[in-house]
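Read through the structure below, which is laid out as structure tokens, and then see the notes.
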Amino acid sequence: MEDVVADLGLEHGRHGREPKPAEQQRVTAAHLQDLESFALGRIRRAAAAGTLVMTPGLHSVLYRWKAWGSTEEVAQWLHGALGDDEPT
């Protein structure tokens, strides 16, 4: 799901891309925001449940989490998942 939402974001000019004309965008900007929030919630729930680490394409999911959430949030999860001390 996260990949689909990310692709929709590209249509709106996310990640440095030129936005497509509105008639070529599959969702509105408001719907995109809702989808990003929903996908972010799914990522956070998987992280809290301990299942995120088993996600195929984890690197891509972490990138999306960082884009839709925060770098600090991802760093904290990574340090916990890897058994490291607190991030510096």
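Points to keep in mind about this one:
- Flag if residue 73 is in a helix (DSSP H, G or I) and either of a type outside the set (S, T, N, Q) or touching a strand residue (DSSP E or B) at 6+ places or on another chain (Cβ under 7 Å) (or both): yes
- For segment 20-40, the condition holds for no residue, the condition being that it is assigned to a helix (DSSP H, G or I) and touching a residue at least 40 places away in the same chain (Cβ under 8 Å).
- For residue 74, the conditions (1) within 15 Å of residue 1 (Cβ to Cβ); (2) modelled with pLDDT of 95 or more are fulfilled apart from (1).
- Among the residues making up segment 61-75, those that are in contact with a helix residue (DSSP H, G or I) (Cβ under 9 Å, 6 or more places away or on another chain), farther than 14 Å from residue 14 by Cβ and not aliphatic (A, V, I, L, M) are 65, 69, 73.
- Within segment 53-88, restricting attention to residues that are in contact (Cβ under 8 Å) with a residue 40 or more places away in the chain and of a type in the set (Gly, Ala, Ser), the residue that is surrounded by the fewest Cβ atoms within 10 Å (Cβ to Cβ) is 57.
- Residues of segment 53-70 satisfying the condition of being in a helix (DSSP H, G or I) and within 12 Å of the chain's Cα centre (by Cα): 58, 59, 60, 61, 62, 63, 64, 65, 66, 67, 68
- Segment 8-52 - residue that is modelled with pLDDT under 95 and surrounded by 11 or more Cβ atoms within 10 Å (Cβ to Cβ) and, of those, nearest to residue 79 (Cα to Cα): 14
- Hits in segment 15-52 (condition: under 12 Å from the mean Cα position of the chain (by Cα) and charged (D, E, K, R)): 36, 42, 44
The values are calculated or read from the model by the stated rules, or taken from the named source; none is laboratory data. Note that the coordinates shown come from a computational prediction; the quantities given were computed from them, not determined experimentally. Every residue, glycine among them, receives a Cβ derived from its backbone with ideal geometry; neighbour counts consider all protein chains shown.
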